[in-house]
Structures are given as C-alpha cells and as structure tokens.
Amino acid sequence: MTRALLLVAALAFGSMLNAHAAGAIRSDSGYAERDEVKAFIAEMRDKHGFDTEVLDALFRRIRPLPAVIKAIMPPRDPGVRSWQAYRSRFVEPIRIAAGRRFMRLHSVEIAAAAARFGVPAEIIAAIIGVETIYGRQLGRFGTFAALATLTFDYPPRAELFRRELEELLLLAREENRSLLSYTGSYAGAMGLPQFLPSSRRRYAIDFDGDGRIDLVGSPADAIASVASFLASHGWQKDAPIAVAVSVAGSGVEAMIAQGIAPRHTPRQMEEANIAVARVGAGDTATQHLGDLLPEHPAALIDLVTPQAATEYRLGYQNFYVITRYNRSSFYAAAVIDLAAALAKSE
C-alpha cells in the first residue's frame, strides 16, 4: 500500500474513532451502577484483595470527564505530520532557557543520576523539558477520574487504560494515599516526568532520601526516575544515540519500513543498496563508513516535513530506548535536539 493510500486509510479510521468515542461516553451521573465497573471492582477484589465497598464508594465520587475524551481523540482533520513543525514546539528559546536554569539549579542531582545510571545529564533534562517544561505543565485532571473515563468510555484504548487504572489502585494502596489525591494529564500521566501509574510503580525512585517518592515536588526524584526508566529499558552508557545522515539508493524505503528497532549496521545498510553519509562529513563520507559512523546496529529514521527535504538519522539502541518513553521517532529526535541545545554553553 502506498503512503498516500495509508494516509487516506488513517484519516478514515480516525474519523471512525472520533464518531465512536463521541457517542461512547455515558450521560448518567456516575460509574458505580454500571455493570462493567462492578465487574472491574470484583476483579480487583479477587485479584488484589481490595474492599469492594471502598472501591464502590470511590467510584461514586467521580464522574466521566468529557474533556478527557476530547483531548485523546484523533483530530477530525489531522493534516500531514511535519517534523519541522513538531520540532519547533520543543526546541525553542523558552524551553532551552528553562532547561539551562533547571540544570544549573539541580546540577548536583543530575550529575549524581547520570553517574549512577549512565544516562547523559542533558538527555535527562531534555525529557523533563519536553514532557512538562520543567514542571510548568503538569496537568490538572484527577488521575482516577481520567483513567476511569478512558477505561470505561473510550473503547479504542480501553485495555491499556484498564491496566493503568489497576496500577493506580495498587500505587495508592502502596503509598497509603487517596485515589482522589493524584492529578496529572488527561491520559493519567503524573509529575515532572509524566509517568503513567505502571511506570511510577516500576521505575520511580526516592533520590532525595526523604523516604517517599515525589515526582511533583522533588526534582531529585523526578531526575533520577527518568534516568532509572531509560536504564531499565536498555540504555547503553557512552554509546551512540543517533547520527544525522543523508541516504540514497534503492533500499531506502525497504529499510525505513523495518521500523525503529536497531537491526543493521551502516555497512549492512550499504550492502542493502543504501549509500549512507554523515551529514557534514564532506565528500568522503561514504568511504570507510566504520571510521565515520558508529558501526553498531541502527534503524534508518525518516523525519518527514511536507514540501521540504526529509531528514534522516541513524537511530542506535539509545535512540530506541527514548522511544520506549514515547513511541514516536519525532519525540526521540526532539529530545535529542533539545538535549544538544542544553549541552551548549550559553
């Protein structure tokens, strides 16, 4: 299927989801009387020993959030994805200045996290910058109500958010906190690093030594938790992340179609009829590739902008790890570019 046909199919599918989700949210006043909620409560009792009366009372205190459905639905007219437009949202003067201030204020904590987990300081800071502009955009939705809305009123992704709702219940019990006390994004992400409850439980750490994990009020905890997440997903210390390249040859489209997981070294790409050259390497860039490009498995990443030349990067293992945070090559490339800007002296 050509890219044009794929785009038409995606638009049609998005319109179908919009129509489906728009009619999915129930008009009743709450959740507790709904059969699917009762089934979820019973499952939490049987699986984790939760008190059904307590959960029933909590579900009676929340209502569906139409704003959550509106925020998560694909746009009716999504247009064409643009790398340059996406990048400009995150690699811009305000975020760069805020990131440099954040790194100065928390230099000790960032250095300690980088040393412990092997993740560069600027990558840690860039992720927090892309996610929340260093705490300026944390989200104001009640996490319990947001996840309940997405679980019971947004069928296209109900399975994912049902798991996150379960994780939130477990998190609240572990922290001896009310479910109603958590706030964050419309998708249930919380704190400076915007962790979903599952990531919060698995990767967040107490780095300031106060005996609790606080991803909102403790930059130290947020910084180390980002590094912990990346390390747990396979970050390789001092290994390459990505390299901007130019490409040509009959094998380019097939290589891009293999996805963003690193599978082929630059030499193997050359053997697959792809001429790969480091951007700015000069006329000899395609010669002795091992001397010019890290000879590790990589993916060929295309960063497309309509009416502009496509940018290409070799995405190595660490690039792939960043996409575990947000499964988008645009996201990972923006993090890398913001990190490069933060690493430059002012």
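The values are calculated or read from the model by the stated rules, or taken from the named source; none is laboratory data. Please read these numbers as outputs of a predicted model, since none were measured by experiment. FYI the Cβ positions are ideal-geometry reconstructions off the backbone, even for glycines, and counts take in every protein chain you see.
Which members of the stretch 73-124 meet the condition of being crowded, with 19+ Cβ neighbours inside 10 Å and not in a helix (DSSP H, G or I)?
Within the stretch 73-124, 91, 106, 119, 120 qualify.
Please determine, by comparing only the residues of the stretch 268-300 that are exposed (fewer than 13 other Cβ atoms within 10 Å of the Cβ) and part of a helix (DSSP H, G or I), which one is modelled with the lowest pLDDT.
The extreme case among them is 290.
Within the stretch 172-180, can one find any residue that is farther than 21 Å from residue 50 by Cα and out of contact with any Pro (no Cβ under 8 Å at 6 or more places or on another chain)?
no
Just wondering, is there one or more residues in the stretch 174-188 that are modelled with pLDDT of 95 or more, surrounded by fewer than 24 Cβ atoms within 10 Å (Cβ to Cβ), in a helix (DSSP H, G or I) and among the hydrophobic types (A, V, I, L, M, F, W, C)?
Within the stretch 174-188, one or more residues are modelled with pLDDT of 95 or more, surrounded by fewer than 24 Cβ atoms within 10 Å (Cβ to Cβ), in a helix (DSSP H, G or I) and among the hydrophobic types (A, V, I, L, M, F, W, C).
Of the residues that make up the stretch 301-312, is at least one in contact with a Gly (Cβ under 8 Å, 6 or more places away or on another chain) and either farther than 30 Å from residue 191 by Cα or in a strand (DSSP E or B) (or both)?
Yes: the stretch 301-312 contains one or more residues that are in contact with a Gly (Cβ under 8 Å, 6 or more places away or on another chain) and either farther than 30 Å from residue 191 by Cα or in a strand (DSSP E or B) (or both).
Any residue in the stretch 54-69 that is under 18 Å from residue 172 (Cβ atoms) sitting within a Cβ distance under 7 Å of a residue that is exposed (fewer than 15 other Cβ atoms within 10 Å of the Cβ)? List the pairs, counting only those 6 or more apart or interchain.
61/180
Would you check if there is a residue in the stretch 25-41 being among the hydrophobic types (A, V, I, L, M, F, W, C), closer than 27 Å to residue 160 by Cα and at pLDDT below 95?
yes
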